[in-house]
Amino acid sequence: MSTRVWAFSDPPEVANEVAAAANGLVNGAGGGFTMICLDKESPTLAGQEKLVLKGKGPLLGSPEAEAEALARAARQEHPDVILVGATRNGREVASRLAVKLGRPCLSEIFGVALVEGSLRGKRNAFAGKLLAEVAAQLPCIATLKVGIYPLLQPSDSKARVFDVGEVPSLTRVIERREKGSGTVDLRSSKLIVSAGRGVKKKEDLSLIEELARLLGGAVGCSRPLSSDLGWLPEEHHIGLTGVTVHPDLYLAVGISGQLQHVAGIKDSKVIAAINTDKSAPIFQASDYGVVGDLYSVLPPMIKEIRQRRGQ
Amino acid sequence: VRVAVCVKHAIDEAELKVDNEGKPLLVGAVSKMSTFDKNGVEEALRLRGGSGEVVVFCVGIPDAKKTIREALAMGADRAEHIVCDPTSLDSLATSALLAAAIERSGKFDFVICSEGSSDTYTGQVPPMLAERLGLPYVGYARKVEVSGPKARVERALENSVEVVESPVPMALSVVSEINEPRYPTLIQIMQASKKPTEDLTPEALGPGGKVAGSWVLGMKAQAMERKRVVFEGTAEETAAKLVEALSNEGILPR
């Protein structure tokens, strides 16, 4: 029996990652996967088959409209699994679809497999303390953890158009501001120096920035610095509710290491920490730790790196 | 202004223990109001203003009364507690119960959830609830401004911020940066137990009792295999040791 899988993402940037997972699913089970494009065919998206959903107005950018369009097409085409990238918009689309179609919905899973008429996957729970194995009966919906799968290459493929008709939207986007152009995307950074409450004043972030610049890395922070103090824009916030990162080196400076923060850095290759409190949980999550005050440790560290480079 | 706010009584992830085999000790684990739900309650109180009503909705075990009382202590007016064990419910089932309870409590101007719970963090209930209630919905709100029958909401996405206009009544999920939750005073905590809380059963709400279509097969502790080498000493010594260690990992120049 062949299994039909749909792949979809808003924004489309991570769609080819969803495609890689969809492709893995159908390769094992026979069947095919279909990439869902909104509004128009997109040559940058992977998939042997593409289904273009077209409405009276644009669909992409409104999770409400996207979910309704996907639901109308799914009622005609009956996919067994709809895989959606677990972005903020993607989570809304998948959740709405689940209600509209009356299908179960798994959230932010990875390591997906089809087993005896069900979709299975793993997911992080309790701020990454636990790994859960979850399952949903087919037909179902799932959001897929992104940032971990390799991308499937785009392919020349036939595109079918599905007219979804007029799709209402109760809300209206009146402005869209791209965040911090010029700032580094932490998700793809190889080296991150991250600041926490150990930093006493906003001006002192220059020390963190200097080290990051020296190492060719990016600056991150724990939640208090962005959300409570506003010293850095929200896109620098690493953790459960912020960005999940997986650099070669994550250097936590003055970060105590609450579970929510560690949830966002678990996949780093090497984690190092500098903290005054020997019992801070960050040392349990680190490969290398320095018990000390960042204000006295960072300057000689910067000097040492410069010396090694012969600067 | 009438505001419905949903809160979850969640196991405290920081306090959760595992046994020798890595299995979580869920029974009897310390529970608390899901971290970000405090931001939901705070925003509900702000939107209510001086007059109006904030009603707390909670699906949870009898012990969830602790979480409900905390929301009432913060300033919510009354609560509806759907008493059941939610571990057997998936988001579809939970959102169905909440939707049924909210609908029988009359018209609300705002239905508020936080973006996700601190235990499972699926973030599914808020949009599912909006979909079930047929309300306009803005997720991941970090700023809400109401003017008459309309609201302007800033929502935070991964790489952009959107300003969305929505008619009121509406549903929202909020992120933690939206506000700073208040701490109730001792007097407020004492008064909270006098505020009305109604107990409901899933059966009384009808459709919510149906069997979930997704489930958890098992949970175990994630192995966190780190070297945990700690350097102590003078700043100069430890800085040099750290740089040396990172050089040996091939990350910093040798």
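The values are calculated or read from the model by the stated rules, or taken from the named source; none is laboratory data. Bear in mind that the values here come from a model prediction, so they are computed numbers and not experimental data. Using ideal geometry, Cβ is built from the backbone for each residue, glycine included, and neighbour counts are taken over all protein chains shown. In case anyone asks, the SASA skips ligands and DNA or RNA and just uses the protein heavy atoms, side chains included. Shrake-Rupley method; radii C 1.70, N 1.55, O 1.52, S 1.80 Å.
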### Query
What Kirkwood radius, in Å to one decimal, follows from the Cα pairs of region B:159-249?
22.1 Å
### Summary
Evaluated at 10 °C and 1.306 mPa s, the Stokes-Einstein D of chain A based on the Kirkwood radius over Cα pairs, in µm²/s, stands at 75 µm²/s
## Note on the structure
Taking only the alpha-carbon positions of region A:34-85 as identical scatterers, the Debye log10 I(q)/I(0) at q = 0.25 Å⁻¹ comes out as -1.12
### Query
Can you work out D for region A:118-216 in µm² s⁻¹ from Stokes-Einstein, where Rh is the Kirkwood radius over C-alpha pairs, the temperature is 37 °C and the viscosity is 0.692 mPa s?
164 µm²/s
### Query
If you put +1 on each Lys and Arg Cβ and -1 on each Asp and Glu Cβ, how big is the dipole of region B:89-148 around its Cα centre, in Debye rounded to 20?
140 debye
### Query
Sorting B:M170, B:M190 by accessible area (1.4 Å probe), largest first, what list results?
B:M190, B:M170
### Query
With no solvent and one point per C-alpha, what does the Debye sum give as log10 I(q)/I(0) for region A:91-142 at q = 0.17, 0.20, 0.21 Å⁻¹?
-0.52, -0.69, -0.75
### Task
Using the 2.2 N^0.38 Å rule of thumb for compact globular proteins, work out how the protein assembly as shown stacks up: its C-alpha Rg over that value, please.
0.98
### Task
Using a 10 angstrom cutoff on alpha carbons, build the Gaussian network for chain B and name the most mobile of B:G148, B:G123, B:G60.
B:G148
### Summary
Taking B:E145, B:E43 and ranking on accessible area (1.4 Å, protein atoms only), highest first, one gets B:E145, B:E43
### Task
Using a 1.4 angstrom probe, figure out how much accessible area region B:1-133 has per residue, in square angstrom, rounded to the nearest whole.
34 Å²
### Query
Which value, in Å² and to the nearest 10, is the accessible area of B:D19 when all protein chains are kept and the probe is 1.4 Å?
50 Å²
### Value of D in µm² per second that Stokes-Einstein yields for region B:68-123, Kirkwood Rh from Cα pairs, at 4 °C (1.567 mPa s)
99 µm²/s
#### Entry: A/B buried area, accessible surface, summed, 1.4 Å probe, Å²
7600 Å²
### Query
Based on the Cα gyration tensor of region B:25-150, what are the three equivalent ellipsoid semi-axes, each the root of five times an eigenvalue, rounded to whole Å and given largest first?
23, 17, 14
## Note on the structure
With every protein chain kept in place and a 1.4 Å probe, the residues A:I82, B:I11 fall, from largest accessible area down, as B:I11, A:I82
### Query
If each Cα of region A:17-158 is one equal point scatterer, what is log10 of I(q)/I(0) from the Debye formula at q = 0.09, 0.17, 0.21 Å⁻¹?
-0.25, -0.96, -1.49
### Task
Quote the accessible area belonging to B:C6 in square angstrom, nearest 10, computed with a 1.4 Å probe and with ligands, DNA and RNA left uncounted.
10 Å²
### Summary
Summing +1 per Lys or Arg and -1 per Asp or Glu among the other residues with Cβ less than 9 Å from A:A67's Cβ gives -3
#### Entry: Members of region A:124-164 that become less accessible by 30 Å² or more once partner protein chains are added (1.4 angstrom probe, chain alone as reference)
A:F126, A:K129, A:L130, A:L131, A:E133, A:A135, A:Q137
### Message
Could you tell me how many cubic angstrom of Cα convex hull volume region B:80-199 has per residue?
### Response
144 Å³
### Accessible area of A:T3 in the full protein assembly, 1.4 Å probe (Å², nearest 10)
10 Å²
### Message
Would you calculate the convex hull of the Cα atoms in region A:75-120 and tell me its volume per residue in Å³?
### Response
79 Å³
### Task
Determine the dipole magnitude for region A:204-311: charges of +1 sit on the beta-carbon of Lys and Arg, -1 on that of Asp and Glu, nothing else is charged, the reference point is the Cα centre, and the result goes in debye to the nearest 20.
360 debye
## Note on the structure
The answer for the per residue Cα convex hull volume of chain B, in Å³, is 197 Å³
### Summary
Across the alpha-carbon set of region B:24-96, Rg over Rh with Rh taken as the Kirkwood radius works out to 1.00
### Query
Of the trypsin sites (Lys or Arg not before Pro) in region A:1-101, which ones lie in a loop per DSSP and count no more than 15 other C-beta atoms within 10 Å?
A:K40, A:K56
### Message
Compute, for region B:1-134, the length of the dipole vector about the Cα centre, with Cβ point charges of +1 (Lys, Arg) and -1 (Asp, Glu) only. Units Debye, rounded to 20.
### Response
440 debye
### Summary
In Å², rounded to a whole number, the accessible area per residue of chain A with probe 1.4 Å is 39 Å²
### Query
So what are the ³J(HN,Hα) numbers for region A:169-175, from phi and the Karplus equation (6.51, -1.76, 1.60; θ = phi - 60°), rounded to whole Hz, Gly and Pro as x?
9, 7, 10, 9, 7, 9, 7
### Query
With all protein chains present, how much of the accessible area of the protein assembly as shown (probe radius 1.4 Å) comes from carbon and sulfur, to the nearest whole percent?
52 percent
